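Everything on this sheet refers to the single structure shown next.
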Amino acid sequence: MPDTNKHWMVSFDTDRIKDYIFATNSLREIRGASAILLEIEKQRPAEFDNAKKIYGAGGGGAYFAENEESADALVKKIEYAFREKTGIGSITAVWVEGPKREDNEWYKPLKSDARRKMQQKKASKAELAYLPLEPYMRPCTSCGQLPAERRFDEDRSGDLLCLACCKKREKGSEERYEGFLREFKAYIGRPHIWHNARLPKDLNELGKVDGSGYVGFIKIDGNHMGTLFDDIDSPAQHESYSNRLKTAIEHTVYDALLAHGDIREGVLPFEIVLIGGDDLMLFTTAKMAMPVTIEILRRFEEASPKILEGTGMQSQKLTMCAGVVLCHSNFPIPALADIGEDLLKNAKKKASPHYGSGVIDFQVVTGSMIDLESARAAVPYHRPYTHLQMSTLLQYARDFKKENMPTSQLQMVYEACMSNSTVEGTMAALRMVGRLRNLRQQQLLKEFFTDKDLVEFKDKEVNVWPWSRPAEKQEDGHGEKLFSAFVDLLDLYRFVEKGA
């Protein structure tokens, strides 16, 4: 007979979700991994007998169980089912108990206990280990990390795949795939012109949609959402908040894609990899990547009051940070995901500690880039930017293109900035202003160099073109670090359409 004086809460969270999704360089298998995770999330409530859902989104969630035995059984079921459905994926589940009380003071301590127990259990787990490949074993053709178990004949490739990659490829096939495409098409409805369009077969096809040969990878995450999670007083509030958050983010993503994308020859200009709670990952065409990112961050902030309705925290402002990578369509996807993760961390660092606004960092990858830090070592970039600043920067890039700013002169200033010489950069900027015979072009360039939304010189400091922040001493003590929004503008320039 259940103990009516206690609560038993089961909490769970997916481990290393990025590693599971991006284990291979195949968009089809990444799509399959995404569909598997979405399917697990949707099927989970029906599979948990007599367990009451508190919340669930993406890779995490929480349920109430009837007693200690059912809580323990639910933990085992969650972990086993996830492993069985993914082939290699891992999820951590724990259960905690607490007293039943009439007020809501019991819920916060219960969540705190669950979080602490979850952290301990995750820390005790070794990183996902791969079996050593003996001489008589064949490595998986796709991930190259696990031993091959099956020959995949459905696509006539005959590839030898491990169990995990086989599951992903099966789920990602055109005949079987549903995933976020189904959710998106349900949102826009059958009459919409995009309803019969298909997803790109690979990133090369996605790069052709806007004709650039480049693609965008966007990684977005909510700010201080864990703190907000801790402040919610009751399970009912938490369930309501979780549902509103899920709906708001999904609709925000769909609306942003619709606002800034165009289909070409029946091919959609995006691939949604993950919408999990406040965590987003998607591929888009290169030209729509930044507008879509700005739109998502802006719409999410505007939706704050509605998302927080009933939590007692409506006065707070929800924000997100983003990392955006623009690269050639044949760039390795796992490396692309790693760069996006580093960019997101940079954005979050600038946004903290108050997270008053969403922040975006971006990188254009033009060659064989080893890592983000090395690629930026000698670049006088000004990024990251708040999404409002990024919107301003993007508009300047459009206006430069609309006014047919001479690209050769723009490139000369850009290269002078890259020399990391204050004098050379300034001389090149002044030379360009002096050479421009079109008064509108000259005015636009001056406006950019002095725009207070982008320039951080104080009133008593001299605004030296094209530099947008006072120079700082290098951390190693050798020379000064220069900053120029002009460098960031030129990096974005090729990926924008002409301004209105």
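The values are calculated or read from the model by the stated rules, or taken from the named source; none is laboratory data. Keep in mind that what you see is a predicted model, and the values were worked out from it rather than measured. Every residue, glycine among them, receives a Cβ derived from its backbone with ideal geometry; neighbour counts consider all protein chains shown. Please note that ligands, DNA and RNA were not included when accessible areas were found on the heavy atoms of the full protein model with its side chains. Shrake-Rupley method; radii C 1.70, N 1.55, O 1.52, S 1.80 Å.
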Open item on the list: Suppose only helical runs count, i.e. DSSP H with n ≥ 4. What mean residue ellipticity at 222 nm does that imply for the chain under -39500 (n - 2.57) per run, divided by all residues and rounded to the nearest 500 deg cm²/dmol?
Closed with: -14500 deg cm²/dmol
- [ ] Measure up Lys117/Lys246; Lys6/Lys117; Lys76/Lys100; Lys108/Lys168; Lys77/Lys345 against 29 Å on the Cα-Cα distance and list the ones that go over.
- [x] Lys108/Lys168; Lys77/Lys345
- [ ] Name the residue farthest towards the positive end of the dipole of the chain from the options Gln474, Gly276, Cys166, assuming +1 on Cβ of Lys and Arg, -1 on Cβ of Asp and Glu, about the Cα centre.
- [x] Gln474
Open item on the list: I'd like to check one number: the per residue accessible area of the range 79-206, probe 1.4 Å, reported in Å² as a whole number.
Closed with: 60
Task: Dipole magnitude of the chain about its Cα centre (Cβ charges: Lys, Arg +1; Asp, Glu -1), debye to nearest 20 - done: 920
TODO: Kindly state, to the nearest 0.05, the FRET efficiency for Arg138 paired with Asp19, given R0 = 35 Å and r defined as their beta-carbon distance.
DONE: 0.95
Task: Among (1) 0.98; (2) 1.01; (3) 1.15, the entry derived from the coordinates for Rg/Rh (Cα atoms, Kirkwood Rh) - done: (2)
Task: Accessible area of the chain belonging to carbon and sulfur atoms, whole % at 1.4 Å probe - done: 49
- [ ] Can you tell me the order of 180-192, 309-321 when each peptide is scored by its average per-residue count of other Cβ atoms within 10 angstrom, highest first?
- [x] 309-321, 180-192
Task: Farthest toward positive dipole pole in the chain [+1 Lys/Arg, -1 Asp/Glu at C-beta], among Asn50, His328, Leu445 - done: Leu445
- [ ] Work from the charge dipole of the range 1-42 (Cβ charges, +1 for Lys and Arg, -1 for Asp and Glu, about the Cα centre) and give the residue of Ser26, Thr14, Ile36 farthest towards its positive end.
- [x] Ser26
Task: Ordering of 43-51, 252-260 by packing [mean C-beta count within 10 Å, highest first] - done: 252-260, 43-51
Task: Set of lysines with alpha-carbon distance to Lys452 below 25 Å, sequence-local pairs under 8 removed - done: Lys317, Lys348, Lys349, Lys350, Lys401, Lys402, Lys460, Lys473, Lys481, Lys498
TODO: Report the full-extension gain for the segment Lys122 to Glu97: residue separation times 0.36 nm, less the Cα-Cα distance, to one decimal in nm.
DONE: 7.1 nm
Open item on the list: Placing unit charges on C-beta atoms (Lys and Arg positive, Asp and Glu negative, everything else neutral), compute the dipole magnitude of the range 1-113 about its Cα centre in debye, rounded to 20.
Closed with: 500
Open item on the list: What figure, in Å² to the nearest 10, do you get for the accessible area of Leu203 with a 1.4 Å probe and non-protein molecules left out?
Closed with: 10
- [ ] For the chain, find the longest principal axis of its Cα atoms and tell me its angle to the long axis of helix 107-124, 0 to 90°, nearest 10.
- [x] 80
- [ ] Arrange the peptides 299-307, 117-125 so that the one whose residues have, on average, the most other Cβ atoms within 10 Å appears first.
- [x] 299-307, 117-125
TODO: State the antiparallel share, in %, of DSSP beta bridges confined to the chain, rounding to the nearest 5.
DONE: 85
